[in-house]
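The values are calculated or read from the model by the stated rules, or taken from the named source; none is laboratory data. Since the model is a prediction, treat every value here as computed from it, not as a measurement. Please note: Cβ atoms are built from the backbone with ideal geometry, for glycine as well, and neighbour counts cover all protein chains shown.
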Amino acid sequence: MSPFEALMLLCFGAAWPFSIYRSAIAKSTAGKSLPFMIVIGCGYIFGIMHKIFFNFDWIIFLYSLNGIMVSVDILLYFRNRRIEKKAVSSQ
């Protein structure tokens, strides 16, 4: 277990709740990048795979938690895009 890996994941993980909250409240995709979120999500998946195959320890929980938060933000992105399209079509 690397304390630096844990701190990195804690720092990244601290930002996602704010991003999720902003997505949920704003109901807009403005300022969001779907490709960026997908790349970050893939990074967490690869981190989980590394932990499973090479170095299993409790840090896998942080990778999983962060991956779940990115997934929630991606789902909110699609919800918000649907809301935006509905607003445009009703005008």
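Things worth noting here:
- Scanning the stretch 42-63 for residues that are surrounded by fewer than 14 Cβ atoms within 10 Å (Cβ to Cβ) and either in contact (Cβ under 8 Å) with a residue 40 or more places away in the chain or not in a helix (DSSP H, G or I) (or both) gives 54, 55, 56, 57, 58.
- Contact map, the stretch 76-91: first residue within 13 Å of residue 34 (Cβ to Cβ), second residue exposed (fewer than 14 other Cβ atoms within 10 Å of the Cβ) and modelled with pLDDT of 95 or more, Cβ cut-off under 7 Å, separation 6 or more or different chains; pairs are 76/24; 77/34.
- Annotation note: of 90, 33, the sole residue that is modelled with pLDDT under 95 and out of contact with any helix residue (DSSP H, G or I) (no Cβ under 7 Å at 6 or more places or on another chain) is 90.
- Count of residues meeting criterion [in contact with a Leu (Cβ under 9 Å, 6 or more places away or on another chain), hydroxyl-bearing (Ser, Thr, Tyr) and closer than 18 Å to residue 10 by Cβ] in the stretch 45-81: 1
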